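To keep things clear, I will list the structure first and then write my remarks on it.
The values are calculated or read from the model by the stated rules, or taken from the named source; none is laboratory data. From a predicted model like this one, the values you see are computed outputs, not experimental measurements. Cβ coordinates were reconstructed from backbone atoms using ideal geometry, including for glycine residues, and neighbour counts include every protein chain displayed.
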Amino acid sequence: MKDIGDLHFFLGIQVHRTTASLHLLQLKYITKLLETTRMVGAKPAKTPIPAGTKQSQHDGDHLDNATEYRHLVGALQYCVLTRPDIAFSVNQLFQFMHNPTTIHWAAAKRVLRYLKCTIQQDLCFSTGSLQLNAYTDSNWAGNPNDRRSTTGYAIFLGPCLISWTIKKQPVMSKSKTKVEYRSLALATSELFLLRMLFQDLHIPLTSTPTMWCDNIGAISLASNLAFHALTKHVEVDYHFIRDKVVQNDIIINYLPTA
């Protein structure tokens, strides 16, 4: 096997290494995407989506040809590999792939304008503690089309973001507490997959993994083994999080919303 030196470019991702950090950047990929979509001269946007935006499948006129929209959203999905800040926006755009409208097309181009504004932003992995922290959140009944909620989590190893996701929950919920409880369960599953990976790699964690949530009710459900009226409508497989709390495999703390 031939040693060709440090990795600098791989599948559209630029890799830059320093003595204390590793940076992943998609500057070339995003630049090419701006060129192919004729958005090089577009006005930059400071956010990928306006605050409070709720896109509906009924907004705007249907596109005559949805292929360009699908190609763009697919390309934006690849950008999420190093740009978790657009994950929510791209998740929203994906929900209209079957029948996009002019409103959705404008929303996709706004994400591009945001990428243009932040094209130098990268994903940084630096030295730090081997402490796992997971942050979860959700928007209760935030989808105007089916009233389902969207879950999001971000997991850090020390100062480094190593795993994140945005996902629409498969069922409707009658309360925000149950939505946040499901978010905790989803993040817990990923947290322990990562923990097992570190064990296989013989990487010892410095302390018990910690989860952070902004819903006191969800934290109480996860920490209280007693039967609760709210829990009877929550799928049984979500309750494994309680076992992890009892066994001191995780710690769940409250983090107030800013």
* To do: Inspect all residues belonging to the range 179-200 and state whether any of them is over 21 Å from the mean Cα position of the chain (by Cα), surrounded by fewer than 14 Cβ atoms within 10 Å (Cβ to Cβ) and not hydrophobic (A, V, I, L, M, F, W, C).
  => yes
* Among (1) buried (at least 17 other Cβ atoms within 10 Å of the Cβ); (2) touching a residue at least 60 places away in the same chain (Cβ under 8 Å); (3) more than 12 Å from the chain's Cα centre (by Cα), the one test that Cys79 misses -> (2)
* Asked: Residue check: is Arg147 of a type in the set (D, E, K, R) and outside the structural domain of Ala20 (by TED's automatic domain parsing)?
  -> yes
* Identify, please: which residue in the range 121-172 is out of contact with any Cys (no Cβ under 9 Å at 6 or more places or on another chain) and of a type in the set (Asp, Glu) and is, among those, farthest from Arg83 (Cα to Cα)? -> Asp146
* Just need a number here: residues in the range 1-29 that are in contact (Cβ under 8 Å) with a residue 12 or more places away in the chain and polar (S, T, N, Q). => 3
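Whether any residue in the range 186-194 is at pLDDT 90 or above and in a loop (DSSP other than H, G, I, E, B) is what I want to check.
To start, the set of residues in the range 186-194 that are at pLDDT 90 or above comprises 186-194.
Okay, now just the ones that are also in a loop (DSSP other than H, G, I, E, B), so none.
No; the residues of the range 186-194 include none that is at pLDDT 90 or above and in a loop (DSSP other than H, G, I, E, B).
Is it true that Gln92 is assigned to a helix (DSSP H, G or I), in the same structural domain as Val40 (by TED's automatic domain parsing), surrounded by fewer than 18 Cβ atoms within 10 Å (Cβ to Cβ) and of a type in the set (S, T, N, Q)? Full working, then the answer.
Numbers: assigned to a helix (DSSP H, G or I): yes; in the same structural domain as Val40 (by TED's automatic domain parsing): yes; surrounded by fewer than 18 Cβ atoms within 10 Å (Cβ to Cβ): no; of a type in the set (S, T, N, Q): yes.
The answer is no for Gln92.
With respect to Asn65, is the statement that it is modelled with pLDDT under 95 and either under 23 Å from Ile155 (Cα atoms) or part of a strand (DSSP E or B) (or both) true?
Numbers: modelled with pLDDT under 95: yes; either under 23 Å from Ile155 (Cα atoms) or part of a strand (DSSP E or B) (or both): no.
So Asn65 fails the test.
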* What are the residues in the range 23-47 that are outside any helix (DSSP H, G or I), touching a Leu at 6+ places or on another chain (Cβ under 9 Å) and either crowded, with 16+ Cβ neighbours inside 10 Å or hydroxyl-bearing (Ser, Thr, Tyr) (or both), if any? -> Leu24, Leu25, Gln26, Thr37, Met39, Ala45
* Asked: Among the residues of the range 148-162, is any of a type in the set (S, T, N, Q), over 20 Å from Phe88 (Cβ atoms) and modelled with pLDDT of 90 or more?
  -> no
